[in-house]
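Asks: Before I ask anything, let me first share the structure, which is written out below as structure tokens.
The values are calculated or read from the model by the stated rules, or taken from the named source; none is laboratory data. These figures come from a predicted structure and were not determined experimentally. Heads up: the accessible areas ignore ligands, DNA and RNA and are worked out on the full protein's heavy atoms, side chains in. Shrake-Rupley method; radii C 1.70, N 1.55, O 1.52, S 1.80 Å.
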Amino acid sequence: MWLIDSFSLYLYALKYVALALAVVILISGLDDLFIDLAYWTRRLWRAITVYSRHQRFEPGILHKLDEKPLAIMVPAWQEHGVIGNMAELAASTLDYENYHIFVGTYPNDAQTQREVEQVQARFPNVHKVVCVRPGPTSKADCLNNVLDAIFQFEQRAGLKFEGFILHDSEDVISKSELRVFNLLVGRKDLIQVPVYPLPRKWYEFTGGHYVDEFAEMHGKDVVVREALAGQVPSAGVGTCFSRRAIEVLLQEGDGIAFDIQSLTEDYDIGFRLKARGLSEIFARVPADAPADKTTLMQLGRSRRTASTVAVREYFPNTFSTAVRQKSRWIIGIVYQGFRTHGWTGSGVMNYFLWRDRK
């Protein structure tokens, strides 16, 4: 009899657990439905009102502007075998002239330094930076070292960069990206272009789930977030900061722009700049060349949308590396984010903070 009683008690408890989960799933589903409705309502409204009176943006405008000096910052710890190709491609294929690439390396990572030196010998706009402390340190610490080296370079070269761009060693940069930043920097203080993971084979589910996640996030969620709250979270890559934004970050951090205590310093910066009244934008700009059939099938959109200037890269494809990355995101965004930013005086901003933490 005790076995039957125990099993009955288990089923009774399971019923209420299932009911509680059903309520949570319903609330979360309504939340996602609201974002969907906001996105499609905005898109329909703009099609009826904005694009009926104004011509859509044409990429040819990007080539008519004078080129502002831009600096690309790339932190690199044990990135040998990757960083050399990335730096070479960035230095040789970007459709822009007035830019410099600064790669942050470590004194105890000779292989990465050697690869950067080889590219530096061929391209005068590629510069190796050696961090003060041995690696590994945080990405924020490396970026602070890179930023200090950029300011020293400015003094020697007699120039001032107007945009500071974040990238990682595995990024495939769109050749038109710097022209987009050139158009917007100065008018906007944080500019984020979409990030789209490179596609995996159908059976690579760990790496493949990032494709779904970023398609949802950078195809819809951030678009609605910018429209309703005026705030854009940096993705850590494909982000351009204006000089004014960097100066504000340095002032807030007593000479240190990137918070070395934060596991998600890029996410943190978007809120810091918004709190200071600086402007942010999520820039979805079509590239010069229309998307090919393969890209069109991958993104499932119109040729114009599929040719968006974006960062492409491979994300972790093993369970352990994906868990390590997602754990860093969760701790940085949910726990550190709540401790640092708490809640704001804006109901709309609090709604998106709640979505982040959910």
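Asks: Using only alpha carbon pairs under 8 Å that are at least six residues apart, calculate the relative contact order of the chain and give it in whole percent.
Replies: 18
Asks: Moving to a separate point now. Among GLY238, GLY81, GLY29, whose mean-square fluctuation peaks in a Gaussian network model of the chain (Cα, cutoff 10 Å)?
Replies: Between GLY238, GLY81, GLY29, it is GLY29 that shows the largest mean-square fluctuation.
Asks: Identify which of VAL23, VAL132, VAL232 has the largest mean-square fluctuation in a Gaussian network model of the chain, with springs joining Cα atoms closer than 10 Å.
Replies: In this elastic network of the chain, the residue with the biggest mean-square fluctuation among VAL23, VAL132, VAL232 is VAL23.
Asks: Right, here's the next one. Can you work out ³J(HN,Hα) from phi for every residue in segment 152-169, in order, using Karplus 6.51 cos²θ - 1.76 cosθ + 1.60 and θ = phi - 60°, giving whole Hz and x for Gly and Pro?
Replies: 5, 5, 4, 5, 6, 8, x, 9, 10, 6, 9, x, 10, 10, 9, 8, 10, 5
Asks: Let me know the shape class of segment 4-111, please: from the alpha-carbon gyration tensor, a ≥ b ≥ c as square roots of the eigenvalues, rounded when a/c is under 1.5, otherwise prolate if a/b is greater than b/c, or oblate.
Replies: The shape class here is oblate.
Asks: Pick from ARG42, ARG156, ARG284: which is most flexible by mean-square fluctuation in a GNM of the chain where alpha carbon atoms under 10 Å apart are linked?
Replies: Between ARG42, ARG156, ARG284, it is ARG156 that shows the largest mean-square fluctuation.
Asks: Continuing with the same structure: Can you work out the accessible area per residue across segment 1-125, with the rest of the protein chains kept in place, probe 1.4 Å, in square angstrom?
Replies: The answer is 65 Å² per residue.
Asks: In sequence order, what are the phi-derived ³J(HN,Hα) couplings for segment 138-148 according to the Karplus relation 6.51 cos²θ - 1.76 cosθ + 1.60 with θ = phi - 60°, rounded to whole Hz, with x for glycine and proline?
Replies: Those phi angles translate into 6, 4, 4, 4, 5, 5, 5, 5, 5, 4, 5 Hz.
Asks: Quick check: the angle from helix 110-122's long axis to the longest principal axis of the chain, C-alpha only, nearest 10 degrees?
Replies: The angle comes out near 50 degrees.
Asks: Return the whole-Å distance between the Cα centroid of segment 193-222 and the Cα centroid of segment 234-270.
Replies: 25
Asks: Follow-up question, since we're still on this one. What's the carbon and sulfur percent of the chain's accessible surface, probe 1.4 angstrom, rounded to a whole number?
Replies: That fraction is 60 percent.
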